[in-house]
Amino acid sequence: MRSLPLCLISLTALGANADTELVGRPSRLGLGKKKFSICTAKCSLMGTLSLPDCFETCGQKEMLEACVTHDVEVDSDPKREFTPPPGDEEECAKGYVPTPELKPLSEKKETETEREESNLQPNFVIFLLDDQDELVSPYWEAMPFARSFFKESDQGRLFEEAYATTAICCASRCQILTGLHGHNVGVITNGGKYGGYDAFVQPLTQSGERMKDEEGRCINNDMRSMPLFLQNIGYRTGHFGKYLNGLEKGSRIDHVPPGWNSFVGNADHMLYVGWNYTLAEFEDVGDHAGALRYRFYGCADGDYSTDVLKEKVISFLDQQQEQQEKGKGEEPEAAEAFSPFFLYVNPTAPHLPLPPAPRHAKQNLTEFWDGRFEDIVAPRPNYFPESLEGKPLWLRTSGKMRLQAEKKGWPRLDFSKRMASLLAVDEMIKEVVHRVEEIGQMENTVFIMTSDNGYNHGAHRLIHKMAPYPESVRVPFAVRAPSHFLQQGEPPLSSSPVSLEKSEDLSLSSLQAEESQEGSMETRLSAAVSENLPSKQRSSSAVTIRSPVKLIDLLPTFLDMAGYQKPTYVDGKSWKPLLSQQQSALEEEARQTGPSVSREVFVQYGGGAAREALGGGHEGIASEIPAFLFSLGPWWLSLDVPPHRALYSEDGLLYVEWMGETSNARAPHGHELYNVTADPHTLDNLLHSRPKDADVKNAKQRLDARLQELKSCKGDECP
């Protein structure tokens, strides 16, 4: 138990450092020198109330009065182009690797008609949820419009096995932007040498040296990111919400990341709380074109972060419509004005401690999901198990400490707030979809809903993510694509855009409006959720695809759909071929005869040090939560997991290698092996239960050798 003071000291220091960065600038909390009380901090983190309600409940009315939306500062000439990071002058004397030039998929000569058709590149819209798991939460029941739009549409495709290759926010998002595994992008956690935005722009090799190409030029991942690639082939790009941990420093961002025509990102960690946050806002058109504005959003109902981001996205689409109208003009330069668009929408829901939107809180939505906890989470076989037999020593050693979370009711509180926060995201998706339809782009837009990582929900006594187990690495992955991507070589399903006006209105407003005829909202939602896990297996018009995909596959897929080859160094693979009905039919046939998994999945995590699994640290989960909340919150919230590599094999096995510290007897190097087909909850470590079995020994030897190959794989060498 000596590690507990270390945990508390590191968190207190984290809070102090956050304050010292603000000298000479408006407070990152937006409220000058006023401070949150312990009551307010604990109310926000460990209760269901919103931050404004916590101010009032805790008697901090002066905070509430000061919590008013206002412009903080305007940078009229922000840095947009590539700028060498501080400290690179000597190390990168030979310069930097430039952005690769993309090659078209076909080098053949095209006719004028073919060229016009090929120029109809699809729009891309990603809704990236924050910490949304695939295996535990019945998220479709919490998001009725998204369910209707993705899951109950013949243009929907549900990828049943989608993986985050590093199950923590910043690392996963860096890998999405580059199509690279963690060891190739240089980011495998949230902070330290291998984590956060600094590691993204100044990546290190596994041996600790600066990443360079064969000519000795430094690599900066900002120069090989998804928005820059898409922008270079004619896309108008927009980011809205959480970007990469560490871009924000002292309520400011150093520069607008390259590749974004419109960039709205958090300038502090308060976006996680939902109110009292600062956004850095840049756009290249409109009244504030070319300027970087810092705007503080206060404590009014309309300042709820998911709703604010929704309005920013709608504004981007309004600008897109203006471009389209210009493109209909007769002037050649006007025709050039219209571009396909890429929207990257990143709300913080359902990441802790975000509560539901005020309108949903008034409907007792948190209480409703609290009542579902005993049916959904608690019965899972690996939920806070009595025994951790067979688990690695670091987990068995810290297992008693981790039980405190369950004893204090944290998993239940966390689950109910998470689920309740999703309805505002659902409303965001609905409004964005309708706006895309209004500007006539439905049949040319690929929509994706996914998450940066999964969530453990108490599996094996783990409450966050980071782990290599299925709950942590499996993510939702729903696609709605234009019909010409779904039936290659066949006529499209419809020659005109799909109208959403006739679809059933499944929003909260409709639930409220129909209360008199069909009972309360709780009654209707209860009916929808009553079968929740089995409901995910009910028949639907969307096609379910079983072949595993990864978040790093997004970049090569977008390039493939846009008509370009991926750069040879990219690790991810395009899943465009999986969308066609012919492929889906083959998979359905495979479903009847046996597993159709055709690719391995390689997972890794940096995690700082093994000791942080025993006493907390600030390179992993602790860096994601506002310091004032974490430093005053319960110590067990900071418990991390050790660094590891893992492999989901083609034959249904999960092999894990834990990178322990040989000097620390409580966290030595260790291994686990599971048959995830027969043991989906990873309860039976075969290396513990059958250590002398020849098949187990052979599997360990085979998978260990493969894991050693993959730790340095590049490009198409990687699964």
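Surface calculation, 1.4 Å probe, protein heavy atoms: Cys43 sits at approximately 20 Å² accessible. Across Glu215, Glu281, the residue with the most accessible area heads the list, and the full order at a 1.4 Å probe is Glu215, Glu281.
Evaluated with a Cβ-only charge set (Lys, Arg +1; Asp, Glu -1), the range 354-499 carries a dipole of roughly 840 debye about its Cα centre, given to the nearest 20. Label separation (Glu374 vs Ala300): 4.2 nm, computed from points 7 Å beyond Cα along the C-beta direction. Within the same chain, lysines fewer than 8 places from Lys61 are excluded, and of the rest, those with a Cα less than 22 Å from its Cα are Lys33, Lys34, Lys35, Lys42, Lys362. Any of Lys573/Lys700; Lys249/Lys550; Lys310/Lys465; Lys566/Lys711; Lys103/Lys212; Lys193/Lys408 with alpha carbons more than 32 Å apart? Name them for me. Violating the 32 Å Cα-Cα cut-off are Lys193/Lys408. Please pull out the direction-averaged projected area of the range 155-265, using the convex hull of its alpha-carbon atoms, in nm² to one decimal place. Over all viewing directions, the range 155-265 projects a mean Cα-hull area of 9.0 nm².
Grab the other residues whose beta carbon is less than 9 angstrom from that of Trp369, score K and R as +1, D and E as -1, and report the net. Residues close to Trp369 contribute a combined charge of +1. Tell me the GluC sites (Glu not before Pro) within the range 347-434 that lie in a loop according to DSSP and have at most 14 other beta-carbon atoms within 10 Å. Here the sparse-neighbourhood loop sites are Glu386, Glu389.
Annotation: extensible slack from Lys400 through Asp704 equals 106.4 nm (criterion: 0.36 nm per residue apart, minus Cα-Cα distance).
Solvent exposure of Asp301, expressed as accessible area, is near 90 Å², computed with a probe of 1.4 Å over the protein chains only.
For the range 334-427, the set of trypsin sites (Lys or Arg not before Pro) satisfying both a DSSP loop assignment and a count of at most 12 other C-beta atoms within 10 Å is given as Lys362. Extending 7 Å from the Cα toward the beta-carbon at both Val74 and His434 defines two label points whose distance is 3.2 nm. Rolling a 1.4 Å probe over the protein heavy atoms leaves Ile176 with an accessible area of roughly 0 Å².
The values are calculated or read from the model by the stated rules, or taken from the named source; none is laboratory data. What you are looking at is a predicted structure, and each value in this text was computed from that prediction instead of being measured. Here the Cβ is made from the backbone with ideal geometry for all residues, glycine too, and neighbour counts use every protein chain on show. Protein only, heavy atoms only, side chains kept; ligands, DNA and RNA dropped before computing areas. Shrake-Rupley method; radii C 1.70, N 1.55, O 1.52, S 1.80 Å.
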